[in-house]
Amino acid sequence: MLADLRRVLDKVHAARGLHIVLPPPMDAAFAGETEDLHEIVGNVLDNACKWARHEVRVALRVEPSPAGAQVLVTVEDDGPGIAAEQRAKLPRRGTRLDESVPGSGLGLAIAAELSALYGGTLELHGEPPSGLRVQIRLPAAT
(Lines give C-alpha, C1' and ligand atoms only; values in the text may rest on other atoms or scores of the structure.)
Protein backbone atom coordinates (compact mmCIF):
# COMPACT_ATOMS: atom_id res chain seq x y z
CA MET A 1 0.00 0.00 0.00
CA LEU A 2 2.74 2.49 0.91
CA ALA A 3 4.67 1.74 -2.29
CA ASP A 4 1.50 2.39 -4.33
CA LEU A 5 0.97 5.73 -2.58
CA ARG A 6 4.62 6.67 -3.17
CA ARG A 7 4.29 5.94 -6.91
CA VAL A 8 1.28 8.25 -7.14
CA LEU A 9 2.87 11.01 -5.07
CA ASP A 10 6.15 10.76 -6.99
CA LYS A 11 4.14 11.59 -10.13
CA VAL A 12 2.05 14.33 -8.52
CA HIS A 13 5.11 16.04 -7.02
CA ALA A 14 7.63 15.05 -9.73
CA ALA A 15 8.74 18.62 -10.41
CA ARG A 16 9.87 19.01 -6.80
CA GLY A 17 12.25 16.01 -6.82
CA LEU A 18 11.23 14.84 -3.35
CA HIS A 19 12.63 11.70 -1.78
CA ILE A 20 9.94 9.63 -0.04
CA VAL A 21 11.52 7.11 2.35
CA LEU A 22 9.36 4.09 3.21
CA PRO A 23 9.86 1.45 5.90
CA PRO A 24 10.45 -2.18 4.98
CA PRO A 25 7.23 -4.15 4.47
CA MET A 26 5.75 -5.73 7.58
CA ASP A 27 2.96 -8.16 8.36
CA ALA A 28 0.92 -5.72 10.45
CA ALA A 29 -2.59 -5.20 9.20
CA PHE A 30 -5.11 -2.45 9.89
CA ALA A 31 -8.40 -3.64 11.39
CA GLY A 32 -10.52 -1.72 8.93
CA GLU A 33 -11.27 -1.05 5.29
CA THR A 34 -8.25 -0.85 2.99
CA GLU A 35 -9.77 2.14 1.16
CA ASP A 36 -10.04 4.04 4.44
CA LEU A 37 -6.39 3.34 5.25
CA HIS A 38 -5.40 4.61 1.79
CA GLU A 39 -7.47 7.75 2.38
CA ILE A 40 -5.96 8.40 5.82
CA VAL A 41 -2.31 7.77 4.94
CA GLY A 42 -2.63 9.20 1.42
CA ASN A 43 -3.93 12.54 2.69
CA VAL A 44 -1.19 12.80 5.33
CA LEU A 45 1.54 11.84 2.83
CA ASP A 46 0.25 14.31 0.23
CA ASN A 47 0.27 17.07 2.83
CA ALA A 48 3.84 16.18 3.83
CA CYS A 49 4.91 16.26 0.17
CA LYS A 50 3.37 19.71 -0.31
CA TRP A 51 5.45 21.16 2.52
CA ALA A 52 8.66 19.10 2.45
CA ARG A 53 11.83 20.76 1.22
CA HIS A 54 13.60 17.56 0.16
CA GLU A 55 12.38 14.50 2.02
CA VAL A 56 9.37 12.74 3.55
CA ARG A 57 9.97 9.79 5.86
CA VAL A 58 7.42 7.14 6.81
CA ALA A 59 7.75 4.74 9.75
CA LEU A 60 5.42 1.89 10.58
CA ARG A 61 5.19 -0.30 13.66
CA VAL A 62 2.74 -2.20 15.84
CA GLU A 63 2.46 -1.25 19.51
CA PRO A 64 0.65 -3.03 22.31
CA SER A 65 -2.00 -1.08 24.19
CA PRO A 66 -4.60 -1.92 26.86
CA ALA A 67 -7.31 -1.69 24.19
CA GLY A 68 -5.45 -4.06 21.82
CA ALA A 69 -2.60 -3.76 19.38
CA GLN A 70 -2.31 -0.55 17.40
CA VAL A 71 -0.68 0.24 14.09
CA LEU A 72 1.39 3.42 14.39
CA VAL A 73 2.14 5.23 11.14
CA THR A 74 4.50 8.19 11.45
CA VAL A 75 4.97 10.63 8.56
CA GLU A 76 7.70 13.28 8.88
CA ASP A 77 8.66 16.04 6.47
CA ASP A 78 11.59 18.42 6.45
CA GLY A 79 9.44 21.46 5.74
CA PRO A 80 8.97 24.60 7.83
CA GLY A 81 6.92 22.93 10.58
CA ILE A 82 3.95 24.41 12.42
CA ALA A 83 4.01 26.21 15.77
CA ALA A 84 2.02 24.60 18.60
CA GLU A 85 -0.68 27.29 18.64
CA GLN A 86 -1.19 26.84 14.89
CA ARG A 87 -1.21 23.02 15.13
CA ALA A 88 -4.14 23.28 17.53
CA LYS A 89 -6.21 24.75 14.66
CA LEU A 90 -5.51 21.74 12.49
CA PRO A 91 -7.07 19.45 11.47
CA ARG A 92 -10.40 21.27 11.11
CA ARG A 93 -12.25 21.12 7.81
CA GLY A 94 -11.29 23.98 5.53
CA THR A 95 -8.56 25.30 7.82
CA ARG A 96 -5.50 26.42 5.90
CA LEU A 97 -2.61 28.13 7.62
CA ASP A 98 -0.80 29.08 4.43
CA GLU A 99 -2.31 29.60 0.98
CA SER A 100 1.05 29.43 -0.83
CA VAL A 101 0.55 25.79 -1.89
CA PRO A 102 -2.51 24.31 -3.60
CA GLY A 103 -5.06 22.57 -1.41
CA SER A 104 -8.50 22.72 0.10
CA GLY A 105 -7.75 22.36 3.80
CA LEU A 106 -9.64 19.05 3.88
CA GLY A 107 -6.90 16.39 3.78
CA LEU A 108 -5.84 16.35 7.42
CA ALA A 109 -9.43 16.80 8.57
CA ILE A 110 -10.56 13.80 6.54
CA ALA A 111 -7.63 11.72 7.85
CA ALA A 112 -8.40 12.71 11.47
CA GLU A 113 -12.14 12.00 11.10
CA LEU A 114 -11.57 8.58 9.51
CA SER A 115 -8.99 7.71 12.19
CA ALA A 116 -11.47 8.66 14.92
CA LEU A 117 -14.20 6.49 13.34
CA TYR A 118 -11.93 3.49 13.97
CA GLY A 119 -11.12 4.59 17.52
CA GLY A 120 -7.74 5.88 16.40
CA THR A 121 -6.00 9.23 16.59
CA LEU A 122 -4.07 11.64 14.40
CA GLU A 123 -1.57 13.86 16.21
CA LEU A 124 0.64 16.67 14.92
CA HIS A 125 4.09 17.27 16.45
CA GLY A 126 7.21 19.33 15.78
CA GLU A 127 8.26 22.94 16.10
CA PRO A 128 9.58 25.18 13.33
CA PRO A 129 11.97 24.90 11.61
CA SER A 130 12.17 21.13 12.14
CA GLY A 131 9.26 20.08 9.93
CA LEU A 132 6.06 18.33 10.89
CA ARG A 133 5.59 14.83 12.31
CA VAL A 134 2.13 13.29 12.02
CA GLN A 135 1.39 10.19 14.09
CA ILE A 136 -1.59 8.07 13.13
CA ARG A 137 -2.73 5.37 15.57
CA LEU A 138 -5.22 2.82 14.32
CA PRO A 139 -6.41 -0.56 15.59
CA ALA A 140 -4.38 -3.52 14.34
CA ALA A 141 -6.03 -6.66 13.02
CA THR A 142 -5.67 -9.57 15.38
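The values are calculated or read from the model by the stated rules, or taken from the named source; none is laboratory data. Only a predicted model underlies this, so the values are computations on that prediction, with no experimental measurement involved. Every residue, glycine among them, receives a Cβ derived from its backbone with ideal geometry; neighbour counts consider all protein chains shown.
Run Asp78 past the list (1) surrounded by fewer than 17 Cβ atoms within 10 Å (Cβ to Cβ); (2) at pLDDT 95 or above and report the number of the one that doesn't hold.
The failed condition is (1).
Output yes when any residue across segment 18-28 is of a type in the set (Asp, Glu) and surrounded by 15 or more Cβ atoms within 10 Å (Cβ to Cβ), and no when none is.
Just the residues of segment 18-28 that are of a type in the set (Asp, Glu), to begin with: 27.
Still in the list and also surrounded by 15 or more Cβ atoms within 10 Å (Cβ to Cβ): none.
Among the residues of segment 18-28, not one is of a type in the set (Asp, Glu) and surrounded by 15 or more Cβ atoms within 10 Å (Cβ to Cβ), which makes the answer no.
Residues that are outside any helix (DSSP H, G or I), surrounded by 11 or more Cβ atoms within 10 Å (Cβ to Cβ) and modelled with pLDDT of 95 or more: does segment 1-15 have at least one?
No, every residue in segment 1-15 fails to be outside any helix (DSSP H, G or I), surrounded by 11 or more Cβ atoms within 10 Å (Cβ to Cβ) and modelled with pLDDT of 95 or more.
All but one of (1) at pLDDT below 95; (2) outside any loop (DSSP other than H, G, I, E, B); (3) loosely packed, with under 15 Cβ neighbours inside 10 Å hold for Ala116, so report the exception by its number.
For Ala116, the exception is condition (1).
List the number of the failed condition for Ala88; all other conditions in (1) under 20 Å from Ala109 (Cα atoms); (2) in contact (Cβ under 8 Å) with a residue 40 or more places away in the chain; (3) of a type in the set (A, V, I, L, M) hold.
The number of the failed condition is (2).
It is to be established whether one or more residues within segment 61-71 are in a helix (DSSP H, G or I), at negative phi and surrounded by 15 or more Cβ atoms within 10 Å (Cβ to Cβ).
Within segment 61-71, not a single residue is in a helix (DSSP H, G or I), at negative phi and surrounded by 15 or more Cβ atoms within 10 Å (Cβ to Cβ).
Only one of (1) over 17 Å from the mean Cα position of the chain (by Cα); (2) outside any loop (DSSP other than H, G, I, E, B); (3) at pLDDT 80 or above fails for Pro129. Which number is that?
For Pro129, the failing item is (2).
Restricting to segment 7-50, name every residue that is without any contact (Cβ under 8 Å) to a residue 60 or more places away in the chain, within 24 Å of Glu63 (Cα to Cα) and over 12 Å from the mean Cα position of the chain (by Cα).
Scanning segment 7-50 gives Ile20, Val21, Leu22, Pro23, Pro24, Pro25, Met26, Asp27, Glu33, Thr34, Glu35.
I'd like the full set of residues that are outside any strand (DSSP E or B) and not charged (D, E, K, R), limited to segment 72-81. Spell out how you get there, then give the answer.
Start the filter on segment 72-81 by keeping residues that are outside any strand (DSSP E or B), which leaves 78-81.
Gly79, Pro80, Gly81 - these are the residues of segment 72-81 that are outside any strand (DSSP E or B) and not charged (D, E, K, R).
Val44 passes all but one of (1) at pLDDT below 95; (2) in contact with a Leu (Cβ under 9 Å, 6 or more places away or on another chain); (3) surrounded by 13 or more Cβ atoms within 10 Å (Cβ to Cβ); which number fails?
Here Val44 meets the rest and fails (1).
Would you check if there is a residue in segment 71-79 being in contact with a Lys or Arg (Cβ under 8 Å, 6 or more places away or on another chain) and of a type in the set (Ser, Thr, Tyr)?
The answer is yes, given that some residue of segment 71-79 is in contact with a Lys or Arg (Cβ under 8 Å, 6 or more places away or on another chain) and of a type in the set (Ser, Thr, Tyr).
Among the residues of segment 24-44, write down those that are closer than 17 Å to Ile110 by Cα and either in contact with an Asp or Glu (Cβ under 9 Å, 6 or more places away or on another chain) or not hydroxyl-bearing (Ser, Thr, Tyr) (or both).
Correct list: Gly32, Glu33, Glu35, Asp36, Leu37, His38, Glu39, Ile40, Val41, Gly42, Asn43, Val44.
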